[in-house]
1. Given the -39500 (n - 2.57) contribution per DSSP H run of 4+ residues, what per-residue ellipticity at 222 nm results for the chain, rounded to the nearest 500 deg cm²/dmol?
2. Please state the charge dipole magnitude for the chain, taken about the Cα centre, from unit charges on C-beta atoms (+1 on K and R, -1 on D and E), reported in debye and rounded to the nearest 20.
3. Quick one: which residues, 5+ away or cross-chain, put their amide H under 5 Å from the amide H of Y32? H built at 1.01 Å from N.
4. Under 30 Å between C-alpha atoms is the cut-off here; go through the chain and count lysine pairs that meet it, provided they're at least eight residues apart or on different chains.
5. Using Cα pairs under 8 angstrom and six or more residues apart, how large is the relative contact order of the chain, in percent?
6. Please work out the average accessible area per residue across the chain, using the 1.4 Å probe convention, and give it in Å².
7. Of I56, I29, I48, which has the largest mean-square fluctuation in a 10 Å C-alpha GNM of the chain?
8. Can you work out the PRE-style zone for R8? Point 7 Å along Cα to Cβ, and I want the residues of region 14-47 with backbone N under 13 Å.
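The values are calculated or read from the model by the stated rules, or taken from the named source; none is laboratory data. Treat the numbers as computed from the prediction; the structure is a model and nothing was measured. For neighbour counting, all protein chains shown are included, and Cβ atoms are generated from backbone atoms with ideal geometry for every residue, glycine included. Surface areas here come from the heavy atoms of the whole protein model, side chains and all, with no ligands, DNA or RNA. Shrake-Rupley method; radii C 1.70, N 1.55, O 1.52, S 1.80 Å.
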Amino acid sequence: MARFTLPRDLYHGKGSLEVLKTLKGKKAIVTYGRLFSEALEAKSETDINIVKLNKIYPLSNDLINTLKGF
């Protein structure tokens, strides 16, 4: 069995990479697409792990409507 614990603090949006550079402890960036280059730049300036997501597809309206019934 695998276990994943969500972090207590999440930073996102404009200025979040600058904040991450100042934090102590283990840090990670979850990114996709064109934001990956910005994550690599942040990694060069501080000790950060990067998780890159590929092929993120939006949910179809049919699936969303089906899930509303649950």
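1. On the way: 3 runs with 24 residues, N = 70.
-9000 deg cm²/dmol, from helical runs alone.
2. On the way: 12 positive and 7 negative charges, 41 e Å.
Dipole about the Cα centre, nearest 20: 200 debye.
3. When sequence neighbours closer than 5 places are left aside, the close amide H contacts are L53.
4. Summing the qualifying lysine pairs gives 21.
5. Working: 42 pairs, mean separation 18.1, N = 70.
With pairs under 8 Å counted, the relative contact order is 26 percent.
6. Details: 6680 Å² over 70 residues.
About 95 Å² of surface per residue is accessible.
7. I56
8. The answer is 24-26.
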